[in-house]
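A.B. asks: Mind looking over this structure? Questions follow.
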Amino acid sequence: MVKVLDARDAEPEELVPQLRRPGGFLSEEVREAARGIVADVRERGDEALLEYTERFDGVRPNPVRIPTEEIRQARDTLSPEIEESLRVAIENVRFFHEQELDHSWEISRDGATIGQRVRPLRRTGLYVPGGHGAYPSTLVMTAVPAQAAGVREICVCAPPGSDGSVNSNVLAAAGLLGLDEVYRVGGAQAVGGMAYGTQSIPAVDKIVGPGNDYVVAAKLEVFGVVGVDAPQGPSEVVVLADEGAFPERVAHDLMAQAEHLSSASAILLTPSVELMKSVEPLLAGEPAELITLVQVCDMAQAVKITNLYAPEHAHVISENPDAIFRDLGAVGMVAIGDYSPIALGDYAAGPSHALPTGGTTVWASPLGTHYFTARTNYIRYTPEALADLGPHVERLARLEGFENHARSVDVRRRKV
């Protein structure tokens, strides 16, 4: 049953805790289980990897790495229409993420040179979930930003089905992307394998991609050994719509998010009583219980609630959507206007659909090329520039009690 709230007399801070947000903090039981699996894979390598895959997926993959020929066959058996759509998505995602690339820079002033070198990571691991379905779009949305950043070695882990195979559409997408290092292993054991390396899987420098609670917990366990991305848990959307919105379109936007089933939250914020009354009867079926309709006093209140809730997605449907968009802050991706449904971003518009969830958009950013690069700062001083800055450094070093820091400057300055 759809949940209906009246927020016209409520403060945003009072309302936000009433909004649905599945998941949340990982239970200690999940954390402990993931910790044990990761430690076991670290200790026993492939032997543990195979045992956990057999226990959780019902199959003992042999070999763990999928042969290149199997990837090629999956690509070759794609229908022309699906191949065309995947290629359009890949092209658009690549174009978007090439625009966000960071660049190295260098500036010199009076003999003092400072700069920053941006470099791609050497090796990255991508996790593509299984469970309720297979998601070639997730592979596109994680692999293309890594490729745009210049990562040369990309490995993919995806859980196998009961017959030991990875979904053919995921393999076909790998083929179209030029990826040939794909492993039929999922869950926390895949994360442990990528982080520490096994006899079959060489260790990576960073792991990205969404997964279930055990995958998320495993990524937290290996953080520090490798880099990981921002949390990508249950999916969320907030639709901000005024009286000009079409009820049927709004209903489908909400139901589209509810298709994620128990791992979803879909919220409508609107000042229009008529819109709420028209939308509610259009919401039917099991997913309707994942939807919340909220009456607000105006769109300004809707914006305040959205910024406090900090959703993965927001969709602005209004006569003046740009004005509302300017005031939105903590959102992973904003769809602006009636002709920009969230589904475009989920599949082919360009920005990666790998977005932070659970309110972490207050500090986390969408997956992009910056996740696959690292920076090196550098300085280069001439004798004259050293003579100019040196006395200040010596004073500050001695102020903090670091005499040898000061002398490392002084011994050079005296020579000058």
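A.B. asks: Setting aside same-chain residues fewer than 8 positions from Lys415, which aspartates and glutamates have a Cα under 13 Å from its Cα?
C.D. replies: Correct list for Lys415: Glu384.
A.B. asks: Within the range 14-115, report the GluC sites (Glu not before Pro) that DSSP leaves as loop and that have at most 15 other Cβ atoms within 10 Å. Can you show the working numbers first?
C.D. replies: Numbers: sites: Glu14, Glu28, Glu29, Glu32, Glu43, Glu47, Glu51, Glu54, Glu69, Glu70, Glu81, Glu83, Glu84, Glu91, Glu98, Glu100, Glu106; in loops: Glu100.
Passing sites in the range 14-115 are Glu100.
A.B. asks: While we're looking at this one, here's another question. If you build the Cα gyration tensor of the range 161-271 and take the root of 5 times each eigenvalue, what three semi-axes come out, in whole angstrom, biggest first?
C.D. replies: Working: eigenvalues 259, 66, 30 Å².
For the range 161-271, the semi-axes come out at 36, 18, 12 Å.
A.B. asks: What is the sum of charges, Lys and Arg at +1 and Asp and Glu at -1, for the other residues whose Cβ falls under 14 Å from the Cβ of Phe372? Walk me through the numbers before you get to the answer.
C.D. replies: On the way: positive: Arg94, Arg119, Arg122, Arg123, Arg152, Lys206, Arg375; negative: Glu98, Glu100, Asp102, Glu153, Asp205, Asp229.
Computed value for this residue: +1.
A.B. asks: From the list [x] 21.5, 78; [y] 29.7, 99; [z] 25.3, 84, can you say which value of Rg and Dmax of the Cα atoms in Å was derived from the structure given?
C.D. replies: Recomputing Rg and Dmax of the Cα atoms in Å here gives the entry labelled [z].
A.B. asks: Here is a follow-up. How large is the helix-only mean residue ellipticity at 222 nm for the chain, computed as the sum of -39500 (n - 2.57) over DSSP H runs with n ≥ 4, divided by its residue count, in deg cm²/dmol to the nearest 500?
C.D. replies: -13000 deg cm²/dmol
A.B. asks: Within the set of other residues whose C-beta is less than 14 Å from the C-beta of Ala300, count the net charge using Lys and Arg as +1 and Asp and Glu as -1.
C.D. replies: Values: positive: Arg8, Lys304, Arg326; negative: Glu11, Asp242, Asp298, Asp327.
Around Ala300, the surrounding residues sum to -1.
A.B. asks: Aspartates and glutamates near Lys277 by alpha-carbon distance under 18 Å, same-chain residues fewer than 8 away left out - which ones?
C.D. replies: Here the aspartates and glutamates satisfying the reach criterion relative to Lys277 are Asp6, Asp242, Glu243, Glu248, Asp253, Glu289, Asp298.
A.B. asks: Ok, one more. Tell me, which longest segment in the chain has none of the chymotrypsin sites (Phe, Trp or Tyr not before Pro) that fall in DSSP loops with at most 14 further Cβ atoms within 10 Å?
C.D. replies: On the way: sites that count: Phe25, Tyr339, Trp363, Phe402.
Looking at the chain, 26-338 is the longest stretch - no exposed chymotrypsin sites (Phe, Trp or Tyr not before Pro) with at most 14 other Cβ atoms within 10 Å.
A.B. asks: Contour minus end-to-end for Ala203 and Glu11, with contour as 0.36 nm per residue of separation and end-to-end as the Cα-Cα distance? Let's see the in-between values first.
C.D. replies: Details: separation 192, 0.36 × 192 = 69.12 nm, distance 4.91 nm.
The Ala203-Glu11 span can extend by a further 64.2 nm.
A.B. asks: Taking K and R as +1 and D and E as -1, what net charge do the other residues with C-beta under 14 Å from the C-beta of Val237 add up to?
C.D. replies: Working: positive: Arg20, Arg21, Arg249; negative: Glu236, Asp253, Glu259, Glu312, Asp346.
Net charge in that neighbourhood comes out at -2.
A.B. asks: I would also like to ask the following. Have a look at the DSSP beta bridges in the range 67-171 and tell me what percent are antiparallel, nearest 5. Walk me through the numbers before you get to the answer.
C.D. replies: Details: 5 of 10 bridges.
That works out to approximately 50 percent antiparallel.
Laboratory data are not the source of any read-out in this text; all were calculated from the coordinates shown. As the structure is a prediction and not an experimental result, all values here were calculated from the model. With ideal geometry, Cβ positions are generated from the backbone for all residues, glycine too; neighbour counts draw on all protein chains shown.
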